[in-house]
Amino acid sequence: MPCPKFLLSWSTFFEVISSPAVTGIVGQDVVLPCQISTGTQPANMEVQWKRIIQTHIETVYEYRAQTGQDVPGQKYQGRTTLLKDGFTSGNVSLKLKNVQPADRGTYSCIVKSNEWSADAATELQIAGW
Ligand SMILES: *[C@@H]1O[C@H](CO)[C@@H](O)[C@H](O)[C@H]1NC(C)=O
């Protein structure tokens, strides 16, 4: 008999917490915060950072724990790092290098495990231009 969904263990569930807004300075690096509420890394974690531009969604960065595969979005090659030091404590914050005025906008952090997914958004504001 297949295992019914409602028998998932408590540790299956998590929330994702970000900051409503962060300010980047042109030419410098900025950290887009994202923290998993359980303070741990879910099994088979997948992290996606997406940017919401008006009506379309652009991939900024993707990471799959199962394969250890890192995939920066097309326009973000060499500009993004997921700070893996924090993974064991559920910190999946993204570093965006050399911030430009065009980077201003809404970024969404999506964390998926085998059975669950959650997301949070942050607004990147740009100072110094
Ligand atoms: C998560 O990692 C980033 C980058 O290392 C750091 O700036 C931030 O303070 C960390 N957040 C928490 C909650 O530890």
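Kindly provide the set of residues from the range 70-91 that are within 8 Å of the ligand (Cβ to nearest atom) and in contact (Cβ under 8 Å) with a residue 40 or more places away in the chain, ordered by number. Reasoning before the result, please.
Let us first name the residues in the range 70-91 that are within 8 Å of the ligand (Cβ to nearest atom), namely 83, 85-86, 89, 91.
Listed by number, the residues that qualify are L83, S89, N91.
Read through the list (1) exposed (fewer than 15 other Cβ atoms within 10 Å of the Cβ); (2) within 14 Å of D119 (Cα to Cα), then give the number of the only condition that A21 fails.
If we test A21 against (1) exposed (fewer than 15 other Cβ atoms within 10 Å of the Cβ); (2) within 14 Å of D119 (Cα to Cα), just (2) comes out false.
Take the residues of the range 92-125 that are within 16 Å of the ligand (Cβ to nearest atom) and surrounded by fewer than 17 Cβ atoms within 10 Å (Cβ to Cβ): which is farthest from I25 (Cα to Cα)?
This residue is K95.
Looking only at the range 56-69, decide whether some residue is in contact with an Asp or Glu (Cβ under 9 Å, 6 or more places away or on another chain), away from the ligand (no atom under 16 Å from the Cβ), hydrophobic (A, V, I, L, M, F, W, C) and in a strand (DSSP E or B).
First, pick out the residues of the range 56-69 that are in contact with an Asp or Glu (Cβ under 9 Å, 6 or more places away or on another chain): 61-66, 69.
Narrowing the set further to residues that are away from the ligand (no atom under 16 Å from the Cβ) leaves 62, 64-66, 69.
Subset that is hydrophobic (A, V, I, L, M, F, W, C): 65.
Still in the list and also in a strand (DSSP E or B): none.
So far as the range 56-69 goes, no, none of its residues is in contact with an Asp or Glu (Cβ under 9 Å, 6 or more places away or on another chain), away from the ligand (no atom under 16 Å from the Cβ), hydrophobic (A, V, I, L, M, F, W, C) and in a strand (DSSP E or B).
The numbers here are math on the coordinates, done by the rules we state, and not lab data. All of these numbers come straight from a predicted model, not from anything done at the bench. So basically every Cβ, Gly included, is an ideal-geometry build from the backbone, and we count neighbours across all protein chains shown.
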